[in-house]
Structures are given as structure tokens and as C-alpha cells.
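Colleague: Take a look at the following structure, please.
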Amino acid sequence: MGEHTQDNKMAWFRQARYGIFIHWGLYAQLGGFWKGERVSAFDGAEWIMRDGQIPVEEYRQIAKEFNPVDFDAEEIVDRVVQYGGKYLCFTAKHHDGFAMYDSKVSDYNIMHTPFGRDVVKELAEACQKRGIVFCLYYSQMQDWEDPDGDGNTWDYDKEKKDFQAYFYRKARPQVEELLTNYGKIGMIWFDTPYDMPRDLSDELAQLVHDLQPECLISGRIGYGLGDFREMNDNNIPHNAFMEDWESPMTLNNTWGYSRVDHHWKSASQVVRMLVNVVGKGGNLLLNIGPDGRGQIPQESHEILLQVGKFLEKNGESIYGAIPMADMPYENQWGGCTGKPGRFYMHVLDYPDEPYEIRIYNLKTKVKRVTLLETGEELKFVQLYEIARDEYRFRAFFPEKPVNALDTVAVVETEGPLEYHDLRTIYAK
Ligand code: FHN
């Protein structure tokens, strides 16, 4: 193991660029419906307990029936590999307070269901076998089952809540279990810190550092204690953000499984998001919500498989890519991702005849332009127009896209990118 620096710690994250989020818990059994009625779709379907103000004693009954017989960790992680994801982040405990693992801290866990299997353990082992970085989501503040956890004001009196008691009784010891019993955890994904007291957040961060010094902490621990910035849900910044960051995204409009949400993003929208995020220096964490039987919805599967096929051939332009700090992010054809000594043009909207793409005021000399999938060399010209004091790079693409999702061209350059005048770089 090399020197323990922040750069070393972040290395896998910066290389990965694309991870798969899995929201799965008791709520998957309900799929957004309670007693035959659809519960508000304002929040994701994983919020059903809170949105439907379901009494804790009634919600608990789901655990008595929870038996997702189709759940197969090996198959799920095989799929993550096929999808091209490099890490998997699983909801060990979401806001409903139900632990999806064998917790000695609270009986409100998956071992006390007809299913009775430790899903976290099965996923951890399956990830380890396939070289997928295993990460865990843990809701540290909200817990709708615990009388002292944040959020449940329909069963419990807000005024009587003792958050500190909850923290020491449940949250802290559960995080300790998760970081002790499941091998190496790549990242612990805390969420909704709201007004969690600073000293307890500090203590939680310290606990993670003590138990697994290399485990990353998501920005949603709050108070800047995370190792990277977590963007808002389904949010991509407008410009490159020159720090470590991640955008968590849904594939439809919910995190937890919903029987009625069919608003799926297409594979081409996902690739577009990926290029957009990675070109600006971030990671995309894309969500799957398995159903009550433990199956990945077929629609998600098909979409993510297409993305995986794209990555199989074009992964070089995504994995380990670096931000294109000053590249124009709004142009007519797509976007760019970078690597030292080269950048990748991702042609998402293919140009019409004469199939030409221009980047203005890129000063760096271009050595070669090739298509990543086929190796075909593309013609290009670089010129400087004296009267307009303007540099022009023009690349000529073939008549037809080599990939309907994204035609990627590798632009090899002499040295790092330099621009004539940052105010005037644009692409068309
Ligand atoms: O409330 C949660 C939500 O259910 C989901 O887990 C997302 C994922 O980023 N985080 C919270 C909302 O931001």
C-alpha cells in the first residue's frame, strides 16, 4: 500500500467515473401503493412510509412478509459489470430505518423476515469476486422507525425526540457494524444530514476514519467532512468543477421501485449525462430500484445494457477521464472528456453534411484524430486566420455515426490544452 494521501484515497473513485446505486428495502414490496392506493409521487417511492404517514406498527408488518425470492447478488453484480459500472452503492439502511443486513444493534432487519438472508453480505462477496468497489448507503439522521430518529412525527412527538440517544443507540453502532463485518467498503454514502449536530457528524466521520481509513465519505455527511462533493439529486453543474464530485441520478423518477413509474431515460440520454458529468470532472452514480421480488426492472436492465455495450468499446473515453476545464459545454454536437495528451470528442448529435465539427481558438497542436471504436483516422485541419485573430480546428467525420449513442473521436495533442482566449473558445 502506497503513501496515505488524499490523492491515493481518491484514486479508485477518479478512475471509476461511473457507479450503480441500488435503492432496495421494504418499500420495494409496496412499489408506491399502500392499501391499494397510490401514495404521492412527490418524493421517490422509497418515501412511501413518510408520504403516506404509515404508522410504524403497520409498516413493520411488511417485514413479516418480505420474501424477495428472486434476489440473486451474483446476478446483480454480474449485471453491474455488464452495465460498465465500476462501483456499487447499496442502501444498507434507508430513511425507513430497516436494516438490509444482519444487525445485532436492532432487530428491525432483514434476518427477521421470511427471507432471512444478509443481502449486504451477499452483495459484498459478489462485488469482491468481480472487482467492483462495494459501497454502502446509510441514512444517519432520518430514521422513521426509531422514536428518536429524525423524520417520523406521525408516530412520535417531535418535542420528545432525543437525537443523541438515537445516534448512540442505533446509527453509530450500525455504521460500526457495517464497517467491521463486510470487508473493505469503498465509500459510505451518508444522506440528508439536515440539522444533525456538528459534534455527532464529526464523531461519525472519525469512526469511519478509525475503522477503515481508506473508505470515502460522501459529501452528505455535511459540514464539509466528506471526501467529495455530492451534487443535488439529478443535478449536473453548468461548468467543470475542479474538485472531486458525484451526481446521483435516477433512471426514471424514483429511487425505490415504483409499479407505475415508467418515465425511463433512454440509453442515449444516459450516455449524454455520463459525458456531461465526466467532462466536468465528476462521477455519475446511476440508480436501480429492484422490485419486491428482488429483480431489476426489465426496462432498467435493457437501458443499462445498451450503455454497457457503448462503454465496452468506448470506456477509454470515460474511465479515468479528467475534466475539460475550459471547453464549451454548450454546442451543437455533444461534449468532450479529457486525458493527458488527448481529448475525446463525443458526438451525440451527428452533424449534417459536410459532417464537420469545429472548435475555435484551441491553440494546442493536434497530432492525430481517430475514431475510438474503429481506429479510423479522420481528416482535420488547424488554421489561424490573421485578420480575425482566430484559431480554428476542423475535424471531418464519416457520413454515418459509428455508434448511434455517441461517436467518439480521439484527438491527440502536443502537450496540454491551451486556448487563444478563454472568452472566445466555442465549438460548433
Ligand atoms: O431522501 C433521499 C432519497 O430517498 C434518495 O435516497 C436520494 C439519493 O440521493 N437521497 C435523498 C434525497 O436527496
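The values are calculated or read from the model by the stated rules, or taken from the named source; none is laboratory data. This one's a predicted model, so the numbers in the text were calculated from it and none came from an experiment. Heads up, the Cβs are rebuilt from the backbone with ideal geometry, glycines too, and the neighbour counts pull from every protein chain shown. Surface accessibility is based on the protein's heavy atoms, side chains included, excluding ligands, DNA and RNA. Shrake-Rupley method; radii C 1.70, N 1.55, O 1.52, S 1.80 Å.
Colleague: Given the conditions (1) within 20 Å of D191 (Cα to Cα); (2) open to solvent by 60 Å² or more (accessible area, probe 1.4 Å); (3) out of contact with any strand residue (DSSP E or B) (no Cβ under 8 Å at 6 or more places or on another chain), and given that G256 satisfies all but one, which numbered condition is not satisfied?
Modeller: Among (1) within 20 Å of D191 (Cα to Cα); (2) open to solvent by 60 Å² or more (accessible area, probe 1.4 Å); (3) out of contact with any strand residue (DSSP E or B) (no Cβ under 8 Å at 6 or more places or on another chain), the lone unmet condition for G256 is (2).
Colleague: Can you name the number of the only condition in (1) within 13 Å of the ligand (Cβ to nearest atom); (2) modelled with pLDDT under 95 that N239 fails?
Modeller: For N239, the exception is condition (1).
Colleague: Report, ordered by the first and then the second residue, all pairs with beta carbons closer than 9 Å, sequence separation of six or more or different chains, a first member in the stretch 191-212 that is within 13 Å of M141 (Cβ to Cβ) and within 16 Å of the ligand (Cβ to nearest atom), and a second member that is assigned to a loop (DSSP other than H, G, I, E, B) and open to solvent by 60 Å² or more (accessible area, probe 1.4 Å).
Modeller: Listed by first residue and then by second, the contacts come to P193/Y223; M196/Y223.
Colleague: Tell me yes or no: at least one residue of the stretch 319-336 is in a loop (DSSP other than H, G, I, E, B), of a type in the set (A, V, I, L, M, F, W, C) and surrounded by fewer than 20 Cβ atoms within 10 Å (Cβ to Cβ).
Modeller: Looking through the stretch 319-336, at least one residue is in a loop (DSSP other than H, G, I, E, B), of a type in the set (A, V, I, L, M, F, W, C) and surrounded by fewer than 20 Cβ atoms within 10 Å (Cβ to Cβ).
Colleague: For the condition in a strand (DSSP E or B) and either at pLDDT 95 or above or not hydrophobic (A, V, I, L, M, F, W, C) (or both), what is the one hit in K309, K367?
Modeller: When all the criteria are applied, what remains is K367.
Colleague: Since A16 meets every condition but one in (1) within 16 Å of the ligand (Cβ to nearest atom); (2) under 26 Å from E230 (Cα atoms); (3) aliphatic (A, V, I, L, M); (4) at pLDDT 95 or above, which condition does it not meet?
Modeller: Result: A16 fails condition (1) only.
Colleague: For A99, are the conditions met, namely being under 19 Å from the mean Cα position of the chain (by Cα), crowded, with 24+ Cβ neighbours inside 10 Å and within 16 Å of the ligand (Cβ to nearest atom)?
Modeller: Against the criterion (under 19 Å from the mean Cα position of the chain (by Cα), crowded, with 24+ Cβ neighbours inside 10 Å and within 16 Å of the ligand (Cβ to nearest atom)), A99 does not qualify.
Colleague: A further question on this structure: Of the conditions (1) in contact with a strand residue (DSSP E or B) (Cβ under 6 Å, 6 or more places away or on another chain); (2) under 30 Å from L26 (Cβ atoms); (3) in a loop (DSSP other than H, G, I, E, B), S247 clears all except one; give me its number.
Modeller: Going through (1) in contact with a strand residue (DSSP E or B) (Cβ under 6 Å, 6 or more places away or on another chain); (2) under 30 Å from L26 (Cβ atoms); (3) in a loop (DSSP other than H, G, I, E, B) one by one, S247 breaks only (3).
Colleague: Which of the residues belonging to the stretch 130-152 are more than 16 Å from the ligand (Cβ to nearest atom) and open to solvent by 20 Å² or more (accessible area, probe 1.4 Å)?
Modeller: Scanning the stretch 130-152 gives R130, G131, V133, P147, D148.
Colleague: Which condition breaks for P114 when tested against (1) of a type outside the set (D, E, K, R); (2) farther than 30 Å from W12 by Cβ; (3) part of a helix (DSSP H, G or I); (4) more than 16 Å from the ligand (Cβ to nearest atom)?
Modeller: (3)
Colleague: Of everything in the stretch 23-76 that's within 13 Å of the ligand (Cβ to nearest atom), surrounded by fewer than 19 Cβ atoms within 10 Å (Cβ to Cβ) and charged (D, E, K, R), which residue is modelled with the lowest pLDDT?
Modeller: Among those residues, the one meeting the criterion is D43.
Colleague: Follow-up question, since we're still on this one. Within the bounds of the stretch 356-379, is there any residue that is surrounded by 14 or more Cβ atoms within 10 Å (Cβ to Cβ) and without any contact (Cβ under 8 Å) to a residue 40 or more places away in the chain?
Modeller: Yes; the residues of the stretch 356-379 include at least one that is surrounded by 14 or more Cβ atoms within 10 Å (Cβ to Cβ) and without any contact (Cβ under 8 Å) to a residue 40 or more places away in the chain.
Colleague: A follow-up question, please. Looking only at residues in the stretch 214-232 that are in a loop (DSSP other than H, G, I, E, B) and open to solvent by 70 Å² or more (accessible area, probe 1.4 Å), which one is nearest to the ligand (Cβ to nearest atom)?
Modeller: N232
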